[in-house]
Amino acid sequence: MLIAVEIDQVAAFVAIVRGGGFTRAGSLLHLSQPAVSRRVELLERELGAPLFERLRSGVVLTEPGRTFLPHAEALLASMRDGIDAVRALAQADRGAITLALVGTLASTVLTACLTRFHHAYPRVELRLRTALSQEISELVRRGDTTLGLRYGSDPHPEILSTPVHDEPMVVVCSPQHRLARRRKIPPRELATEPWVAFPPRSNALYEPYPWSLQHRLAASGVTPAEIIPIDSLTAQKRMVEAGFGLALLPESSVDEELRAGTLRVMDVPSMRVTMPVVLVHRRRAYLSAAARTLIADLSAWPKHQTTRRRPALNSMLRRRRPRDSRSGPSE
């Protein structure tokens, strides 16, 4: 049996979830709060179930609301795909592509790849935003971003994951560290050393840095170890440079510091590990010719070789930041 659910009702429902309430949803949709409430009431009437529980502190999803949410997000994403597909018929080399990426992936290889793409498609607006791996998958699944670069594959059935690179992780220290010039450092030499790392997050399904560091330390017999939680890659590097600890970091993220001599790599065979970098997009998403080109270029990541200094990703983010983007902490 068909029901009379309208797209603006579904959009109002999703906006309330993302905004955290009816007032914020009204601002996002440029509607009054009564108009948003009316759309949701009509949607609830058609579905035959309440979608929100109204509390003094705000609104929370009911069980029917939680059940309906992924389908509502998929519907809106599919609608955007259809609009993009029609527009692409008339503007094959125009439009916009949003790429969400883990901040620590802003290496020479990636920025060189994005620069080449921008020169090949100068009329395509390339929007960049940063987030954590799990958040990137959510953005892609909801259709808020076209593509995502994260650590580790996503098993979600609506997400297509393509491994593009194995990022080497290296142990780094200050040039003044007592072991800075030693070769083949045995794990026992690190037993009393403090480490800096991203703090673990209880709601994250896959956290590469805490997971990698803790497991490599345990596998090397360096337990218990003092781990200083630092929620910033730049701050971690500065702390290590100042001699406050060691860190296990992506090799590409410390290339400038290694060239400048402010950090040194410690050769600890038992701590050698790689982190899988994965390109994700929605399995049934519409992909323009430009988007497919970018996917092909990113998928050829290991073939890219460059020794040039890293372009400033921050400036690219400032030039092409989406109007509604929300930058999360770097992973």
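Phi angles of the stretch 54-70 translate, via the Karplus equation with coefficients 6.51, -1.76, 1.60 and θ = phi - 60°, into HN-Hα couplings of 7, 10, 4, 7, x, 10, 10, 5, 7, 4, x, x, 5, 5, 7, 4, x Hz per residue; Gly and Pro are given as x.
Taking all protein chains into account, the per residue accessible area for the stretch 79-183 stands at 44 Å² (1.4 Å probe). Amide H contacts under 5 Å for Ala96: Glu125, restricted to partners 5 or more places along the chain or on a different chain, H placed in the peptide plane at 1.01 Å from N.
Each distinct pair of alpha carbons in the stretch 211-266 adds a 1/r term; the inverse of their mean, the Kirkwood radius, is 12.2 Å. Judged by the mean number of other Cβ atoms found within 10 Å, the most tightly packed of the peptides 95-102, 268-275 leads the ranking 95-102, 268-275. Annotation: the antiparallel percentage among DSSP beta bridges lying fully within the stretch 47-150 is about 30.
A crude spin-label estimate for the pair Arg56 and Arg80, with each label 7 Å from Cα along the Cβ direction, gives 3.7 nm.
Summarising the amide proton neighbourhood of His165: residues at separation of 5 or more, or on other chains, whose placed amide H is nearer than 5 Å comprise Val277. Normalising the Debye intensity of the stretch 1-147 to I(0), with uniform scatterers on Cα atoms only, and taking log10 at q = 0.09, 0.17 Å⁻¹ returns -0.38, -1.04. Heavy-atom surface analysis with a 1.4 Å probe gives the stretch 56-150 a carbon and sulfur content of 54 percent of its accessible area. The translational diffusion coefficient of the stretch 17-97, from Stokes-Einstein at 20 °C and 1.002 mPa s with a Kirkwood hydrodynamic radius over alpha carbon pairs, comes to 146 µm²/s.
Accessible surface for the stretch 222-294, divided over its residues, is 44 Å² per residue with a 1.4 Å probe. Nonpolar atom fraction for the stretch 173-303, defined as the carbon and sulfur part of the 1.4 Å probe accessible area, stands at 54 percent. Translational diffusion of the stretch 206-300 was estimated from the Stokes-Einstein equation, with Rh taken as the Kirkwood radius over Cα pairs; at 37 °C and 0.692 mPa s the coefficient is 203 µm²/s.
Ignoring solvent entirely, what values of log10 I(q)/I(0) come out of the Debye formula for the stretch 67-189 at 0.09, 0.15, 0.17 Å⁻¹ when each Cα is a single scatterer? Scattering profile of the stretch 67-189, log10 relative to I(0): -0.40, -0.85, -1.01. If the chain linking Thr115 and Arg272 were pulled fully straight, counting 0.36 nm for each residue of separation and taking away their Cα-Cα distance, it would gain 53.4 nm.
The values are calculated or read from the model by the stated rules, or taken from the named source; none is laboratory data. As the structure is a computational prediction, the values presented were derived from the model and not from experiment. All Cβ positions, glycine included, derive from the backbone under ideal geometry; neighbour counts span all protein chains shown. Just the protein is used for accessible areas: all its heavy atoms, side chains included, with ligands, DNA and RNA removed. Shrake-Rupley method; radii C 1.70, N 1.55, O 1.52, S 1.80 Å.
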